[in-house]
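Input: a single structure, listed below in structure tokens.
The values are calculated or read from the model by the stated rules, or taken from the named source; none is laboratory data. The shown structure was predicted, so the numbers you read here are calculated from the model rather than taken from an experiment. Cβ placement follows ideal geometry from the backbone for every residue including glycine, while neighbour counts extend to all protein chains displayed. Note: areas computed on protein heavy atoms with side chains; ligands, DNA, RNA excluded. Shrake-Rupley method; radii C 1.70, N 1.55, O 1.52, S 1.80 Å.
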Amino acid sequence: MKISNNKHISFDKFVDIALYHKKTGYYMKKNPFGKDGDFITAPNISILFSEMLAIWCIAFWEHLGFPKRINIIELGAGNGEMMYQMIKVFERFNKFRESSNYFILEKSQFLKKIQKKKLNFHKITWLNSINKLKNGPNIFLANEFFDSLPVKQFIKKNNKWYEKSIKKNNINKFEFVNVITNIKNLEKKIKINLSKNQKIIEFSPLTYDYLNIISEKINTFQGGLLIVDYGYSKKKMRDSLQSIYKHNFNNVLDNFSKSDITYNLNFFLLKKIVKKLNLKVAGLTSQRNFLTKLGILDRAEILAKNLQFSKKADIYYRIKRLIDKNFMGELFKVMFVTGKNIKFKLGF
Ligand SMILES: C[S@@+](CC[C@H](N)C(=O)[O-])C[C@H]1O[C@@H](n2cnc3c(N)ncnc32)[C@H](O)[C@@H]1O
């Protein structure tokens, strides 16, 4: 990485290079999902997760009055598993299938290749930019997308704000340095008071940019954004940076470009941003509530009928990982963002 010794770069820039450098970035050269990777995501735990999201999309489309054209856009599609399973559900609903178009926004060329191979049975358009969507309504789906975007971290010490930055020291190791900053400049730019009653701020400029474009699309063509991600809803922000390497926590600055670096979304802040962008948060709940309300347990019962015990047990074990509060059930939240006039509430 081109960080000269004793010069510093901001933390989000560091993450951007670590994860998304064209040649050496973590997501640009490997498949991080599953046993041989570093972590596993919900669609790769159980197909029922994607099925529930597909049913939710169809119900939302119905609520919108069965529009003749509807765009389903997955943000950051990983190994393509979620889109694969969703399309299999959509195929069973003739009217929806005829009306729907599928899109993926994916930054990693490496993962894009995997997605194209897996999804070659269906027409899908890979977007380079959300701006390319020229009509709607649009349903944006973001499972573990926003937590993978570079984030800035600021800390307050003796009444002054510092931005957490990174430098390489004399023995070529990365270390954190605090660089004094004027937080008001950022606050003015986004027209949000981030610092009131906070000691730490985690803010992702890229998330803000994406929410901006998405809100434009939803305000112009209708639709919504469904975010499924880990995070918390309290107003007070905390240091939530984390790094995962081979299914274990790892020091954020170690195993550069070999480990994933993420953080917990602050849904309170996301709500604030979304409101500023003229949309509303129509629902925010735990993954457990969302999937249960959509009927994941009923669906499991149907699937498990007539199966031998070990297969039945496997279905329920996987669901447990998705909805149990000791696994993903509570830490993962689902947030539904849509136009102010929309009354759709399914799952919340
Ligand atoms: C943690 S993975 C989640 C993958 C998938 N949604 C799942 O649940 O299995 C994050 C995904 O977002 C993609 N990604 C990250 N930043 C992106 C960006 N700025 N634009 C598009 N895709 C991005 C990554 O390459 C990866 O596919």
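Pairs linking a residue in segment 175-191 that is closer than 21 Å to Lys7 by Cα to a residue that is open to solvent by 60 Å² or more (accessible area, probe 1.4 Å) and modelled with pLDDT under 95, with Cβ atoms under 6 Å and 6 or more positions apart or on different chains, are Val177/His8. Can you confirm whether Ile227 is within 15 Å of the ligand (Cβ to nearest atom), closer than 28 Å to Asn135 by Cα and modelled with pLDDT of 95 or more? Answer is yes for this residue. Taking residues in segment 78-98 that are without any contact (Cβ under 8 Å) to a residue 24 or more places away in the chain, and partners anywhere that are open to solvent by 30 Å² or more (accessible area, probe 1.4 Å) and not in a helix (DSSP H, G or I), the pairs with Cβ atoms closer than 6 Å and at least 6 places apart or on different chains are Arg97/Glu91.
For segment 266-306, the set of residues classified as open to solvent by 60 Å² or more (accessible area, probe 1.4 Å) and not in a helix (DSSP H, G or I) consists of Asn278, Lys305, Asn306, listed by residue number. Within segment 43-89, the set of residues being within 14 Å of the ligand (Cβ to nearest atom), open to solvent by 20 Å² or more (accessible area, probe 1.4 Å) and among the hydrophobic types (A, V, I, L, M, F, W, C) comprises just one member, Ile47.
Might you let me know whether segment 72-79 holds any residue that is at pLDDT 95 or above and on the phi > 0 side of the Ramachandran plot? So that I can check it myself, show each step before the final result.
First, pick out the residues of segment 72-79 that are at pLDDT 95 or above: 72-79.
Checking the rest, the ones that are also on the phi > 0 side of the Ramachandran plot come to 76, 78.
Scanning segment 72-79 turns up at least one residue that is at pLDDT 95 or above and on the phi > 0 side of the Ramachandran plot.
So for segment 13-21 (the condition being hydroxyl-bearing (Ser, Thr, Tyr) and open to solvent by less than 10 Å² (accessible area, probe 1.4 Å)), does at least one residue qualify? No, the conditions are met nowhere in segment 13-21.
In the set (1) open to solvent by 30 Å² or more (accessible area, probe 1.4 Å); (2) of a type outside the set (Asp, Glu); (3) farther than 30 Å from Phe11 by Cα, Ile319 fails one condition alone, (1).
Confirm whether Phe33 is at pLDDT below 95, of a type in the set (A, V, I, L, M, F, W, C) and within 12 Å of the ligand (Cβ to nearest atom).
Details: at pLDDT below 95: yes; of a type in the set (A, V, I, L, M, F, W, C): yes; within 12 Å of the ligand (Cβ to nearest atom): yes.
Answer is yes for this residue.
For beta carbons closer than 9 Å, sequence separation of 6+ or different chains, a first residue in segment 18-45 that is of a type in the set (Val, Ile, Thr) and a second that is within 8 Å of the ligand (Cβ to nearest atom), the qualifying pairs are Ile40/Phe33; Thr41/Phe33; Thr41/Gly78; Thr41/Asn79; Thr41/Glu81; Thr41/Met82; Thr41/Asn143; Thr41/Glu144.
Just a yes or no: is a residue in segment 256-279 acidic (Asp, Glu) and closer than 29 Å to Lys235 by Cβ? Don't jump to the end; show me each part of the working.
Within segment 256-279, the subset acidic (Asp, Glu) is 260.
Next cut, closer than 29 Å to Lys235 by Cβ only: 260.
Checked against the condition, which is being acidic (Asp, Glu) and closer than 29 Å to Lys235 by Cβ, segment 256-279 yields at least one hit.
Could you check, for segment 281-289, whether at least one of its residues is more than 19 Å from Trp56 (Cβ to Cβ) and either modelled with pLDDT of 95 or more or not aromatic (Phe, Trp, Tyr) (or both)? No: segment 281-289 contains no residue that is more than 19 Å from Trp56 (Cβ to Cβ) and either modelled with pLDDT of 95 or more or not aromatic (Phe, Trp, Tyr) (or both). Somewhere in segment 151-165, is a residue closer than 29 Å to Lys343 by Cβ, of a type outside the set (Val, Ile, Thr), touching a strand residue (DSSP E or B) at 6+ places or on another chain (Cβ under 9 Å) and within 16 Å of the ligand (Cβ to nearest atom)? Looking for residues that are closer than 29 Å to Lys343 by Cβ, of a type outside the set (Val, Ile, Thr), touching a strand residue (DSSP E or B) at 6+ places or on another chain (Cβ under 9 Å) and within 16 Å of the ligand (Cβ to nearest atom), one finds none in segment 151-165, hence no.
If you scan segment 233-248, which residues turn out to be more than 16 Å from the ligand (Cβ to nearest atom) and free of Cβ contacts under 8 Å to residues at least 60 places away in the same chain?
Keep residues of segment 233-248 that are more than 16 Å from the ligand (Cβ to nearest atom), which gives 233-239, 248.
Listed by number, the residues that qualify are Lys234, Lys235, Lys236, Met237, Arg238, Asn248.
All of (1) under 30 Å from Met328 (Cβ atoms); (2) more than 16 Å from the ligand (Cβ to nearest atom); (3) aromatic (Phe, Trp, Tyr) hold for Tyr208 with one exception: (2). Filtered by the rule that a residue be open to solvent by less than 40 Å² (accessible area, probe 1.4 Å), of a type in the set (Asp, Glu) and in a strand (DSSP E or B), segment 138-182 gives a lone residue, Glu163.
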